Each structure stands twice: as structure tokens, then as C-alpha cells.
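Participant: Shown below is the structure under consideration.
Nothing in this text is a laboratory measurement; each read-out follows from the coordinates by a stated rule. Quick caveat, the model's predicted, so the values are computed rather than measured. Positions of Cβ are generated from backbone atoms using ideal geometry, with glycine treated the same way; all protein chains shown enter the neighbour counts.
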Amino acid sequence: MNEISKESKLVLNAIDLKKEFSDAGKSLQILRCINLEIESGDKIAIVGSSGSGKTTLLQLLGGLDIASSGKILIGGKDLSLLKGNEISNFRNRSIGFIYQFHHLLPEFSAIENVAMPLLIRGDRYKLALDEARNILGKINLLERLYHKPHELSGGERQRIAVARALITRPLLVLADEPTGNLDSKTSSVVFDLMLELNSDMDTALVVVTHDNNIANKMEKVFELKNGILQKITSNN
Ligand SMILES: Nc1ncnc2c1ncn2[C@@H]1O[C@H](COP(=O)(O)OP(=O)(O)OP(=O)(O)O)[C@@H](O)[C@H]1O
Ligand SMILES: [Mg+2]
């Protein structure tokens, strides 16, 4: 089960987030004041020019980096109050990450890579592999279960990364240019499968993308510009 009940509609609430980095003693304000509410099942795109802070924002939302100020509440819990193990357990159970490059473990097969988040949280091997087979079936990869990442195509590897992010049925998936290194046709196929899985599981999705076709498939599109998030469309 997820740590936080899916009954609570508000999955994540980012309040007045700021992030600055220092460069040669000079402070760079990357995120000035970010406010974002994500509800269960929300489909959100974040667009913005290179260097505008999109990856930085996803890292904060996923608890992989710490804001300079502001707060992130997930299911009402303040992320900054979680300690060591609590935060990694929370990430394992409640958030799925997908990156532009798949980050699959090269020595493990497709099915083991997908099962990995369940194995890490202590599920039994057979149960974890059964669940991985089940989700790989939904994305038409039953014939690639025992291939290692280097024996798969780029699109297949990204589909496996999608399955791995969703296998725990997280409340929220954070995807950073998930199809950024695929050709446009493969990108569209992979992204549509990803949306289907997300809808099946009522998982909220935040996707950073440079691809208008992908942004247009999302319910809400925000642009990150000058450290501020601005809603540019609501497609529902
Ligand atoms: N750890 C860091 N230390 C210092 N500066 C950083 C650090 N991480 C990111 N930055 C700076 O913050 C800015 C935003 O970076 P970020 O990676 O979030 O951009 P982005 O919007 O994801 O860009 P892209 O579309 O190219 O991926 C950049 O100017 C970058 O140099
Ligand atoms: Mg980036």
C-alpha cells in the first residue's frame, strides 16, 4: 500500500519554493517562488527553456534535493521533516521517477529491472516478478522479459523504465523528458502507454518536456520562466 491514502485528493502542495545555487560566490536564483498543487490523477506538463530550472524543480518535488526556502507537503506531511530512511522509504512507495536516459541496471534482465522497486521494499521475489510480468504485459513487452538493457531498443528501454516507475502504484510520477531521446513516432507510442498506465493506476503525473505533442496531451501546462511557474493552458 502507499504510505498516503489515495483518498486525500491533494497529493502534493508546493508552497513558496525558492532555490538558489551559488556560483563563484555569486548567488543564482533559479526558482524564485513556486506554488503548485497536484491532485490525484492530475496530468501536468512543465515546459520552459533550457536552464530555466525544470529539472531542479522536479528534484525538489521528489525529495532528491532541498529547497532554499518554502515547503513541500505530500499528503499533508512536510517533506523536510522526514529523516534519512523515512525519506527513501517514502520515495520508494509514493513517487516514481522517469528520466530521459533509462538508468536501468545493465546486469539485470528487463523483468528484474521492473521488479526492483518491489524487491527493494522487501516484497517476495516471486510476487515481485509476477507483478513485473503483469505490467510488462500491459506495455506489450512479454517477449522481452529476459533481455538485458543492451539487448533492447531505445523505445523498449524507456517502456521498461516507465514500468519500473509505476510498479509500486505510486501517488505521483515525476518524469524528466521521458521520451527526449526517442524519435517522434516512438516517443508518441511510449508516452501513450505511459498515460494509459497512469490512468489505470490513478497516479498523478508531472512531465517536463520540450515536445509540444506531449504537452498537448496533458490536462494542465505550466511554463517555468524567470523562476516562476505560470499556467499556460488547462485542457480539461
Ligand atoms: N548543483 C548545481 N549547482 C549550481 N548550479 C546548478 C546546479 N544544478 C543546476 N544548476 C543551474 O540551475 C539552472 C537550471 O538547471 P536545470 O537543470 O534545472 O535546468 P532545466 O530547465 O532542466 O534545463 P534543460 O532543459 O536543459 O534540462 C542552470 O542554469 C544550472 O546551471
Ligand atoms: Mg533538465
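Participant: Relative to a virtual label point 7 Å from the Cα of ILE228 in the Cα→beta-carbon direction, which members of the stretch 33-67 show backbone nitrogen distances below 15 Å?
Facilitator: 33-36, by backbone N distance to the label point.
Participant: LYS126: which aspartates and glutamates have alpha carbons under 13 Å from its alpha carbon, excluding same-chain residues fewer than 8 sequence positions away?
Facilitator: GLU112
Participant: Using only the alpha carbons of the stretch 38-158, determine the length spanned along each of the three principal axes and report them from longest to shortest in whole angstroms.
Facilitator: Taking max minus min along each principal axis of the Cα atoms, the stretch 38-158 gives 47, 36, 27 Å.
Participant: In cubic angstrom, how much convex hull volume per residue do the alpha carbon atoms of the stretch 75-117 span? Spell out each step's value before the answer.
Facilitator: Details: hull volume 4.4 nm³, N = 43.
Cα-based convex hull of the stretch 75-117, divided per residue, equals 102 Å³.
Participant: Go ahead and estimate [θ] at 222 nm for the chain from helices alone: -39,500 (n - 2.57) per DSSP H run with n ≥ 4, summed, over the residue count, rounded to 500. Don't jump to the answer; show the numbers that get you there.
Facilitator: Details: 7 runs with 79 residues, N = 236.
Computed ellipticity for the chain at 222 nm equals -10000 deg cm²/dmol.
Participant: Apply the a/c threshold of 1.5 to the C-alpha gyration tensor of the stretch 117-205 and tell me whether it is rounded, prolate or oblate. Don't skip to the end; give the middle numbers.
Facilitator: Working: a/c = 1.86, a/b = 1.22, b/c = 1.52.
Oblate is the answer for the stretch 117-205, as a/c is 1.5 or above yet b/c matches or exceeds a/b.
Participant: Give the cross-link partners of LYS83 among the aspartates and glutamates, using a straight C-alpha distance below 18 Å as the criterion and excluding same-chain residues fewer than 8 apart.
Facilitator: GLU3, ASP65
Participant: Go through LYS18/LYS220; LYS77/LYS220; LYS148/LYS220 and tell me which ones have a Cα-Cα distance over 31 Å in this structure. Please list the in-between numbers first.
Facilitator: Values: LYS18/LYS220 22 Å; LYS77/LYS220 24 Å; LYS148/LYS220 36 Å.
Among LYS18/LYS220; LYS77/LYS220; LYS148/LYS220, the Cα-Cα distance tops 31 Å for LYS148/LYS220.
Participant: Under the classification rounded if a/c is under 1.5, otherwise prolate if a/b is larger than b/c and oblate if not, where does the chain fall, given a ≥ b ≥ c as square roots of the Cα gyration tensor eigenvalues?
Facilitator: Working: a/c = 1.67, a/b = 1.39, b/c = 1.20.
Judged from the Cα gyration tensor, the chain comes out prolate (a/c at least 1.5, a/b above b/c).
Participant: Shape of the stretch 27-85 from its Cα gyration tensor (a ≥ b ≥ c, root eigenvalues): rounded if a/c is under 1.5, otherwise prolate when a/b > b/c, or oblate?
Facilitator: On the way: a/c = 1.97, a/b = 1.20, b/c = 1.64.
Note, shape of the stretch 27-85 comes out oblate.
Participant: Moving on to the next point. In the chain, what % of DSSP beta bridges are antiparallel (nearest 5)?
Facilitator: Values: 23 of 40 bridges.
Here the antiparallel bridges make up roughly 60 percent for the chain.
Participant: Could you tell me how many degrees, from 0 to 90 and to the nearest 10, lie between the Cα long axis of helix 125-138 and the main elongation axis, the longest principal axis, of the Cα atoms of the chain?
Facilitator: 80
Participant: Between the helical axis of 184-201 and the dominant principal axis of the chain, each derived from Cα atoms, what acute angle in degrees is found, rounded to the nearest 10?
Facilitator: Approximately 90 degrees, to the nearest 10.
Participant: What does the charge count near GLU219 come to, summing +1 for each Lys or Arg and -1 for each Asp or Glu among other residues with Cβ under 12 Å from its Cβ? Please list the in-between numbers first.
Facilitator: Details: positive: LYS43, LYS217, LYS220, LYS231; negative: GLU39, ASP42.
The answer is +2.
Participant: When only Cα pairs under 8 Å and 6 or more residues apart are kept, what is the percent relative contact order across the chain?
Facilitator: Working: 448 pairs, mean separation 66.6, N = 236.
Relative CO of the chain lands at 28 percent.
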